[in-house]
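One structure is given below, encoded as structure tokens.
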């Protein structure tokens, strides 16, 4: 079941559960259908690859694997704390995200 998620690509997040608990990274990609994300240098797995055009050598490569969104917490760029995000509509009808701790608007 998917819920509304305020985390987007290029957000700074902290892992709050699992083997990489406490690690901080930037969100590279969101997979909405699975409610998962790929975070830079978090949840690294080994991938055995054959030589191809992109990778002439082949071998064992390290790459990021999916991590569940419920295990991620947003880091506010203004107050540098892990926080939840709120959403509200402005007078002109646009929707913004804001930090629940400091109340500052988070840039889209």
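The values are calculated or read from the model by the stated rules, or taken from the named source; none is laboratory data. Predicted model only: the values in this text are computed from it and were never measured. Note that each Cβ is placed from the backbone with ideal geometry, even for glycine, and that neighbours are counted across all protein chains shown.
Observations, loosely collected:
- Whichever residue in the range 85-97 is in contact with a strand residue (DSSP E or B) (Cβ under 8 Å, 6 or more places away or on another chain) and farther than 29 Å from residue 45 by Cβ and, among such residues, is surrounded by the most Cβ atoms within 10 Å (Cβ to Cβ): 97
- Remark: residue 74 matches the filter, which requires a residue to be within 29 Å of residue 33 (Cβ to Cβ), under 14 Å from the mean Cα position of the chain (by Cα) and in a strand (DSSP E or B).
- Filtered residue count, the range 42-54, keeping only those that are touching a strand residue (DSSP E or B) at 6+ places or on another chain (Cβ under 8 Å) and either farther than 19 Å from residue 28 by Cβ or assigned to a strand (DSSP E or B) (or both): 6
- Residue in the range 49-66 that is touching a helix residue (DSSP H, G or I) at 6+ places or on another chain (Cβ under 7 Å) and outside the structural domain of residue 104 (by TED's automatic domain parsing) present: no
- Filtered by the rule that a residue be over 21 Å from the mean Cα position of the chain (by Cα), surrounded by 11 or more Cβ atoms within 10 Å (Cβ to Cβ) and within 23 Å of residue 19 (Cα to Cα), the range 48-71 gives a lone residue, 61.
- Considering 100, 81, the condition of being farther than 25 Å from residue 43 by Cα and either without any contact (Cβ under 8 Å) to a residue 24 or more places away in the chain or assigned by TED's automatic domain parsing to the domain that holds residue 26 (or both) is satisfied by 100 alone.
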